[in-house]
Amino acid sequence: MDGGIDLIRQHVQAFLQESGSHGFDHTARVTRLCRRIGLSEGADMAVIIPAALFHDIARPLEEETGIRHEEQGAEMAEAYLRSAGYPGDMIHSICHAIRSHRYSSGIAPATLEAEILSDADKLDAMGAVGIARTFMQAGEDGTGIPGAVAHFHEKLLKLKDRMYTDTAREIAEERHAFLVAFLEGLEGEEGGH
């Protein structure tokens, strides 16, 4: 199985060569979080790890195609996994986790593995890494510090209360506190204090 995971990692990396707020480094962190949460929560690691690796594979294509990356990514994962001989029920579970991972997808995770992927993806938007990614995204979008601060209020500060698993809730508490402290300092400096 580990050889299969290495092949998936290489396959996904070929699609996520550009650095940025959703580059392969994000995928690697989400995969590590999924492993940590999955082991703690008793998840099926043969489902959660491939789902984590594939979860943003179509992110670079979304702007070009207009197709939501979670939908196109699930289709790309399914095609790859079928060609690699994965069992159909496992493919279904992996693809469900990919389709339901996005904060704004409107699809509720229906399995533990899908909940964990959703939690891990949200956790990577919190804490020190989340702050760095927010400012990277604001730079990519050209919205600067005001855009980053707006993103904190519109999304990031709400994530702590949207975790599914106990393990993720524990991690989120610490990362949320870091976000709040950073934002208070930033807004204080922006206000001239």
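Structure data summary
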item: Residues of the range 69-99 satisfying the condition of being touching a Leu at 6+ places or on another chain (Cβ under 8 Å) and closer than 20 Å to residue 124 by Cα; result: 69, 94, 97, 98
item: Any hit, the range 40-48, residues being at pLDDT 95 or above and among the hydroxyl-bearing types (Ser, Thr, Tyr); result: yes
item: Hits in the range 164-193 - residues which are without any contact (Cβ under 8 Å) to a residue 40 or more places away in the chain and under 17 Å from the mean Cα position of the chain (by Cα); result: 169
item: First in the range 134-156 and closer than 22 Å to residue 119 by Cβ and of a type in the set (A, V, I, L, M, F, W, C), second anywhere and surrounded by fewer than 19 Cβ atoms within 10 Å (Cβ to Cβ) and at pLDDT below 95, Cβ under 7 Å, 6 or more apart; result: 136/20; 152/183
item: Hits in the range 96-114 - residues which are within 15 Å of residue 53 (Cα to Cα) and in contact (Cβ under 8 Å) with a residue 24 or more places away in the chain; result: 97, 98, 99, 100, 101, 102, 113, 114
item: Out of 119, 161, 89, sole residue that is in contact with a Ser or Thr (Cβ under 6 Å, 6 or more places away or on another chain) and either in contact (Cβ under 8 Å) with a residue 60 or more places away in the chain or not polar (S, T, N, Q) (or both); result: 119
item: Single residue of the range 86-99 satisfying the filter (over 13 Å from residue 46 (Cα atoms) and touching a Gly at 6+ places or on another chain (Cβ under 9 Å)) that is surrounded by the fewest Cβ atoms within 10 Å (Cβ to Cβ); result: 99
item: Residue within the range 126-146 that is surrounded by 13 or more Cβ atoms within 10 Å (Cβ to Cβ), of a type in the set (Lys, Arg) and in contact with a Ser or Thr (Cβ under 6 Å, 6 or more places away or on another chain) present; result: yes
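The values are calculated or read from the model by the stated rules, or taken from the named source; none is laboratory data. Owing to the predicted nature of the structure, the values given are computational and were not obtained by experimental measurement. Note: ideal-geometry Cβ built from the backbone for every residue, glycine included; neighbour counts use all protein chains shown.
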